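First up is the structure itself, then whatever we jot down about it.
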Amino acid sequence: MSIKQQFRTLGEGLSGLLYPRLCLNCRQTVTRGQPTQLCFSCQSDLALTEHWLLPENELTDRLTGRLPLTFGAALLFFNTGTVCQQLIHALKYHHRPDIGVELGQRLGALLKEHPALQDLDGLVPVPIHPDRRHQRGYNQAEEIGRGVSRALGKPMYADALRRRSFKGSQTKKSRFERVENTRDSFITGTGDFTGKHLLLIDDVLTTGATLDFCGNILLEHHPELRVGIATLAITAG
Ligand SMILES: [Zn+2]
């Protein structure tokens, strides 16, 4: 072992004593050498989708006829009362951006060798409402993107899309008006992505409406652009 490696091992040992690795979900100490920052119990509760092995899957099916995709995958199935739900909830409401980065990195590691993503140019996180971002202190999709970006070694274009705020309560509007309002709240940001291949990043895919709007806005504004989607989770049909 070189001197450098010895120092690194020593450093890791000391930081392990001072800051033991805690499970992202239940905060129990995680056994050293575990590949993910989840304890065995929380880890075994997660339902991996294995979407990265299937060109057509629940995620791509949900966008069929709405947004042409080069690729689509969610990392986990989102079910009520599961560790996945707790992790996403903590990421969004309990100031835990680290969950987004860690799971994003895990997602990115699974996508790194994917044939459909070998010509990928970068990542675009779905923007959140400016008021919400201010309140939360971060955009969870951007934190996920940070992890994916680290694993893939691809840049993130956090400003490629923007979200503007609308005055007035959404609750008094009809469902149709709310959908229209959401569609109109996304606008194109900075950067020229002509002929590029981008991967849209979000936390949970439900109906797919948000990613449909975001993807189509990018396609309208950048000639010959291609887009794929990667999310942390997908809800059941
Ligand atoms: Zn745990």
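Structure values in brief
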{"item": "Residue check for Phe213: in a helix (DSSP H, G or I) and either in contact with a Lys or Arg (Cβ under 6 Å, 6 or more places away or on another chain) or in the same structural domain as Phe78 (by TED's automatic domain parsing) (or both)", "result": "yes"}
{"item": "Unique match (being open to solvent by less than 50 Å² (accessible area, probe 1.4 Å) and either within 16 Å of the ligand (Cβ to nearest atom) or not small (Gly, Ala, Ser) (or both)) among Leu46, Leu53", "result": "Leu46"}
{"item": "Long-range neighbours under 6 Å by Cβ, at least six apart or interchain, first residue of a type in the set (Ser, Thr, Tyr) within the range 138-159, second modelled with pLDDT of 95 or more", "result": "Tyr138/Pro97; Ser149/Leu123; Ser149/Met156; Tyr157/Gly122; Tyr157/Val124; Tyr157/Gly191"}
{"item": "Selected residue (criterion: modelled with the highest pLDDT) from residues of the range 16-43 that are more than 10 Å from the ligand (Cβ to nearest atom), in a loop (DSSP other than H, G, I, E, B) and open to solvent by less than 50 Å² (accessible area, probe 1.4 Å)", "result": "Thr36"}
{"item": "Helices (runs of 4 or more DSSP H) wholly inside the range 98-209 containing at least 1 residues that are closer than 20 Å to Ile234 by Cβ and touching a Pro at 6+ places or on another chain (Cβ under 9 Å)", "result": "140-152"}
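Let's see how each residue does on (1) more than 21 Å from Pro97 (Cα to Cα); (2) in contact with a helix residue (DSSP H, G or I) (Cβ under 6 Å, 6 or more places away or on another chain):
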{"site": "Gly145", "(1), (2)": "no, no"}
{"site": "Leu161", "(1), (2)": "no, yes"}
{"site": "Ser165", "(1), (2)": "yes, yes"}
{"site": "Ile217", "(1), (2)": "yes, no"}
{"site": "Glu224", "(1), (2)": "yes, no"}
{"site": "Val227", "(1), (2)": "yes, yes"}
{"site": "Gly237", "(1), (2)": "yes, no"}
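The values are calculated or read from the model by the stated rules, or taken from the named source; none is laboratory data. Being a predicted model, the structure only gives us computed values, none of them experimental. Glycine also receives a Cβ, built like all others from the backbone with ideal geometry; neighbour counts cover every protein chain displayed. Protein only, heavy atoms only, side chains kept; ligands, DNA and RNA dropped before computing areas. Shrake-Rupley method; radii C 1.70, N 1.55, O 1.52, S 1.80 Å.
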